[in-house]
Amino acid sequence: MMNTQIFITGTNRIPAQLKNEKTFDCTLIDNPYSLRPVLQNNDVEKIIVVFLPFLEVRHFDLYSYLQKTTRNVKTFFVVNELSSSMKIRLKSRNDFVVLWKTEEANLLKDIQAHLNGRQLELRQDKRETQESRAMVSPSMLPSGMENRGFQPIMGGAFENISLNGSCLKIKAPFYTKKDFVNLTYQNKEGEYVSVEGQVRWSRWNEIEQAQELGVQFLTQA
């Protein structure tokens with residue numbers, strides 16, 4: 001990882017998380033069409049990070065060509081929006097790593113995961129930050145009978161939220177994978193929302209002394 005070169009285009013600054021990472025050599029590129037000669041200078045691992053408001057076919061074709069004609073290159077797109085057709089195209093091919101702009105904070109972690117051989121997939125929905133706290137309680141759905149006997153109502157902090165799910169933290173390990181839960185929170189418009197969901201994964205954060213839950217939404221009221 002020590003020799004990894006990162007080329008950043010579509011922005012006028014190197015993200016602080018990359019600038020502070022001493023194992024990478026980061027370079028800003030004003031014109032993406034000038035990337036090809038730079039990429040062919042040596043055989044070290046190379047990452048292109050492309051910031052775009054909207055990923056279009058012409059971008060897809062340009063970076064596909066660069067990856068096909070240059071060794072040891074991987075492109076990371078950080079985008080605000082994706083068309084439905086582009087989502088389908090990206091899902092059917094794993095040439096690129098695509099992050100929503102709201103996931104930019106995970107860029108360094110995802111680059112490191114890629115360099116360590118992990119396969120990274122596009123999230124179907126954007127993950128938005130949510131400042132409001134949620135109340136977490138056992139679900140009243142019939143399938144919620146699978147829940148364990150004692151699972152109290154607890155305050156939880158959202159890590160992020162999308163149309164189909166959320167990551168949140170609570171201060172005690174009361175819920176496990178497959179448990180059904182109810183989340184109640186106040187959205188950005190000030191309305192109270194109640195969502196039934198299922199815990200898809202659970203882990204204990206030893207540093208923060210908190211349980212982290214990945215919840216898939218099932219119903220919304």
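The values are calculated or read from the model by the stated rules, or taken from the named source; none is laboratory data. All of these numbers come straight from a predicted model, not from anything done at the bench. As a convention, Cβ positions derive from the backbone with ideal geometry for all residues, glycine included, and neighbour counts pool all protein chains shown. Protein only, heavy atoms only, side chains kept; ligands, DNA and RNA dropped before computing areas. Shrake-Rupley method; radii C 1.70, N 1.55, O 1.52, S 1.80 Å.
Okay, here's what the table says:
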{"read-out": "Members of region 166-200 found to be open to solvent by 70 Å² or more (accessible area, probe 1.4 Å), more than 15 Å from Arg133 (Cα to Cα), out of contact with any Phe, Trp or Tyr (no Cβ under 8 Å at 6 or more places or on another chain) and not in a strand (DSSP E or B), listed by number", "value": "Lys178"}
{"read-out": "Single residue of region 104-137 satisfying the filter (among the acidic types (Asp, Glu) and modelled with pLDDT under 80) that is farthest from Leu62 (Cα to Cα)", "value": "Glu131"}
{"read-out": "Some residue of region 4-20 being loosely packed, with under 12 Cβ neighbours inside 10 Å, in the same structural domain as Met86 (by the TED database) and among the hydroxyl-bearing types (Ser, Thr, Tyr)", "value": "no"}
{"read-out": "Among (1) open to solvent by 50 Å² or more (accessible area, probe 1.4 Å); (2) touching a Lys or Arg at 6+ places or on another chain (Cβ under 9 Å) - the single one Arg203 does not satisfy", "value": "(2)"}
{"read-out": "Hits in region 24-47 - residues which are modelled with pLDDT of 85 or more, surrounded by fewer than 16 Cβ atoms within 10 Å (Cβ to Cβ) and in a loop (DSSP other than H, G, I, E, B)", "value": "Asp30, Asn31"}
{"read-out": "The lone exception for Lys68 - which of (1) surrounded by 12 or more Cβ atoms within 10 Å (Cβ to Cβ); (2) over 28 Å from Cys167 (Cβ atoms) it fails", "value": "(1)"}
